[in-house]
Amino acid sequence: MPRLIVVNREGEERTVEGDAGLSVMEVIRENGFDELLALCGGCCSCATCHVHVDPSFAGVLPPMGEDENDLLDSSGHRDDMSRLSCQIPFTDALDGLKVRIAEED
């Protein structure tokens, strides 16, 4: 089972396990990180599952779609490593992925 390293808004880091086939957002929420709101439930219509991905995984992630890019433009906390966690399929290739939950807009 792949591992995901999550850094919450307080800076606390925790390693969790998740099922491949879920989204990164689902893994985060299933492991009790309530600060990741994911109000749309993962259908890429809000930006409340915004995370910052560790740069070492930039080349492994699927490319960002136009809708995701547009939604991230609405965030005042966007940076080069911003992604919507609902748009990242959690796979065995992402074992050890580290994400930091973005500040709330």
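For the range 38-51, the candidate set comprises residues that are among the hydrophobic types (A, V, I, L, M, F, W, C) and touching a residue at least 24 places away in the same chain (Cβ under 8 Å); within that set, the residue that is surrounded by the most Cβ atoms within 10 Å (Cβ to Cβ) is Cys49. Scanning the range 30-56 for residues that are within 14 Å of Ile101 (Cβ to Cβ), out of contact with any Ser or Thr (no Cβ under 9 Å at 6 or more places or on another chain) and at pLDDT 95 or above yields a total of 6.
Here's the yes/no breakdown for (1) modelled with pLDDT of 95 or more; (2) not charged (D, E, K, R):
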{"site": "Ile5", "(1), (2)": "yes, yes"}
{"site": "Gly21", "(1), (2)": "yes, yes"}
{"site": "Ala58", "(1), (2)": "no, yes"}
{"site": "Asp73", "(1), (2)": "yes, no"}
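Please work out which residue is surrounded by the fewest Cβ atoms within 10 Å (Cβ to Cβ), limiting yourself to the range 5-30 and to residues that are under 19 Å from Glu68 (Cβ atoms) and among the hydrophobic types (A, V, I, L, M, F, W, C). This residue is Leu22.
Candidates Asp54, Asp67: the one that is touching a strand residue (DSSP E or B) at 6+ places or on another chain (Cβ under 8 Å), among the acidic types (Asp, Glu) and surrounded by 11 or more Cβ atoms within 10 Å (Cβ to Cβ) is Asp54.
In the condition set (1) closer than 18 Å to Ile5 by Cβ; (2) surrounded by fewer than 18 Cβ atoms within 10 Å (Cβ to Cβ); (3) not aromatic (Phe, Trp, Tyr), Val99 is compliant with all but (2).
Might you check whether a residue that is closer than 18 Å to Asp105 by Cβ and among the hydroxyl-bearing types (Ser, Thr, Tyr) occurs anywhere in the range 5-28? Within the range 5-28 (the criterion being closer than 18 Å to Asp105 by Cβ and among the hydroxyl-bearing types (Ser, Thr, Tyr)), the answer is no, since none of the residues qualifies.
If you check Leu61, Leu36, Leu22 for being of a type in the set (A, V, I, L, M, F, W, C) and in contact with a Leu (Cβ under 9 Å, 6 or more places away or on another chain), only one passes: Leu61.
The values are calculated or read from the model by the stated rules, or taken from the named source; none is laboratory data. Worth saying up front: this structure is predicted, and the values here are computed from it rather than measured. Every residue, glycine as well, gets a Cβ built from its backbone with ideal geometry; the counts of neighbours run over all protein chains shown.
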